[in-house]
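Right, one structure below, let's go through it.
Values in this text are rule-based calculations from the coordinates and carry no lab data. Treat the numbers as computed from the prediction; the structure is a model and nothing was measured. When we count neighbours, we look across all protein chains shown, and the Cβ atoms used for this are built from the backbone with ideal geometry, even at glycine.
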Amino acid sequence: MIANLIVGGLAAGCLYAMVGIAIVIVLNITDIANFAQGEMAMVTTFFAYWLLDSVGLPWWEGVTLAILFGLVQGIVIQQVIIRPLIGSPVLSAIIATLGLNIVLNSVAGLIWGHQTYTFPSPLTFMPPLMLGSVPVPVTSVANIVVALIIIIALTLFLRFTWTGLGLRAASQNQTVARLMGISITRTSAIAWGLGGLVGGIAGILVAPALFLDTNLMGALLIKAFAGAVLGGLTSLIGVFLGCLALGVAENLSSAYVSPSFGEAVTFLIIIAVLVVRPEGVFGRVKVRKA
Amino acid sequence: MSAAADIAMSRRRASGSVAALVIVACFALAAAAPFWLNGYGLYLLTLTEIFVLVALGLNLLTGYAGQISLCHAAFFGVGAYATALLTQKAGWPYLVSLGAGALITTAIGAIVAVPALRLKNLYLAIATLGFGVVLQKIIFEWRGLTGGGGGLALTPPRIGGAELGATGLYYLTLVLTALGLWVAWNVSRSRTGRALRIIKESEIAAASLGIQPARYKVTAFAISAFYAAIAGGLFAYLVRYINPESFNVSLSIAFLSMVVIGGLGTIGGSIVGATFYVLIPELLRGIKDAPGLVFGLLLVIVMVFMPQGLWGMARRVVGRR
């Protein structure tokens, strides 16, 4: 029983983690909590669905194109909406992403309507793996693997390339980074592009587990934020583990406490952790000298 | 005194008296509202004033002290439920339960502030969001008292034996909003207001000037919760049916947006932001299919072109900074 609940929680948690990673890339480099991340991913997923269903591309080609679309979408949004806001109060940019969230949701509603679609996945009909006597869905395993691959790739990119070094510099101190010849508008565009790309992958992995409709990401977004904060926003692996822990905590508390109060218990745990460790479990204190 | 300074002074005095005139005109117009508005218009105006109260309180916390809160919908809800239950079930007079409900919520606000003291930015946002969820779920689960998910239907309140209708509630809201504006104006210019602004700039600087950030942050949370609760108590009797579901995260985010759209750290911004949030969706209702689309676009456009908010922009255009 408890093993089943934990596996179920991990399955939900890795969906949060995918969105959480996309959010944290943008957040760390630009300081902007992107409330539109979920809807950007939703639009990317719908684009993938359109490529597969109406255009008739094979799964891998359609999905690859859609993920590239996610990248371009992130850069375009950054150029049009976020770039003019560099140097303005961060809350203004956050409210702008909130507006964008509403816009993307309405646009998707206008194009694709409000019915639900079933997003195809090559893994849907595979039998679950057995871990002892506990069935583990293949999609969950695949999601965890993909999330880990993304984290490793991003870590390598941030650590061993010049561009990555620029991004890390910009995330620490924008003024000094500019003095070193790093273009803040460019790092910001790269961050949003990466966010859109990872968000797109998240959407495509999430959609077969849930149903594809315009509200695909609504519930995931807040959970992803919460899980990311729990793990610590400065560490990608922290975000990943925080989101997994959140999923498990949620499943256990709704099973053992009460289905509706379970959510409150989860948040009480998060608050308790934050009181002890205000920067999240794996987070490091970001020193700001003003 | 030099001529230039003299002109500047007289200009300042002139713009001051213009501002006073505008304020008086606004209140005269608002006081006469029941005579020139129909029932639905009066409802919207009352709702706007209620949201102005919430925005004033939240602006003190977010705009002045720089602390993000995503639990104001819950404060609003606790205020609404406390007022409604004290009036309806305990049989207290409406105004007394309004005050008592606000005091209860103020205490909750101060309690929430304590664990929030160490947190910043998004961490604070998520922690306050968590408190909001917890408060909302407590209202939901305490079925014996609150009626749970079924909600609570309310009968019109009585003040001094007379039933308080839509017009009466409107005037009560107007008076309380005016009071709220006056208090917020004074707090923002008091020792507390100045302390909050320094805390926003730098807590270290504040502490080195002998300001205790913790004490002032708790004060800001408490005052802000008080405003939200008074607004909630009025809201409950405006709509006469409350349900825990209405006091959710989206409402908290809407409150925060009002403050930012209007202008962080300005009294006028709270008024403009709340009005924007109530009236624009009403105006857009006629547009087929896409009221959300246009509203979202407006949010983006206002933020991209006026990052200081509508009020900040207006101030810049008028040239008073």
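Structure above, values below:
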read-out	value
Residue-wise HN-Hα coupling along segment B:80-93, computed from phi with Karplus coefficients 6.51, -1.76, 1.60 (Hz; x: Gly, Pro)	4, 5, 4, 4, 5, 5, 5, 6, 6, 8, 8, x, 6, x
Residue-averaged [θ]222 nm for the protein assembly as shown, counting only DSSP H segments that reach four residues, each worth -39500 (n - 2.57)	-24500 deg cm²/dmol
Tail weight of P(r) past 42 Å, computed on alpha-carbon pairs of the protein assembly as shown, percent	25 percent
For segment B:49-93 and segment A:225-279, distance of Cα centres in Å	27 Å
Of B:K137/B:K200; A:K223/B:K120; A:K223/B:K200; B:K137/B:K217, pairs whose Cα-Cα distance is over 21 Å	B:K137/B:K200; A:K223/B:K200; B:K137/B:K217
Relative contact order (percent, whole number), segment B:31-248, Cα cutoff 8 Å, 6+ residue spacing	43 percent
Simple Cβ-charge dipole of the protein assembly as shown, Lys/Arg +1 and Asp/Glu -1, about Cα centre, in debye nearest 20	2120 debye
Residues B:C26, A:C14, sorted so that the one with the fewest Cβ neighbours within 10 Å comes first	B:C26, A:C14
Segment B:233-265-segment A:126-185 distance, computed between alpha-carbon centres (Å)	37 Å
Residue mean of other protein chain beta carbons inside 10 Å, A:85-94	6
For A:D213, residues with placed amide H under 5 Å, excluding near neighbours	A:Y117
Leading residue at positive end of dipole, the protein assembly as shown (Cβ point charges), from B:A19, A:V90, A:I102	B:A19
Surrounding net charge for A:I86, when Lys and Arg each add one and Asp and Glu each subtract one, Cβ distance under 13 Å	+2
Per-residue ³J(HN,Hα) for segment B:107-122, Karplus 6.51 cos²θ - 1.76 cosθ + 1.60, θ = phi - 60°, Hz, x for Gly and Pro	4, 4, x, 5, 5, 4, 5, 4, x, 7, 4, 7, 9, 9, 6, 5
Protection proxy ranking of A:128-137, B:208-217 - average other beta-carbon atoms within 10 Å, highest first	B:208-217, A:128-137
Choice from B:A231, B:A82, B:A30 showing the highest fluctuation, given a GNM over chain B with Cα pairs closer than 10 Å	B:A30
Segment A:2-276 - convex hull of the alpha-carbon atoms, volume per residue in Å³	141 Å³
Exercise: per-residue mean of other protein chain Cβ atoms within 10 Å, B:260-273	1
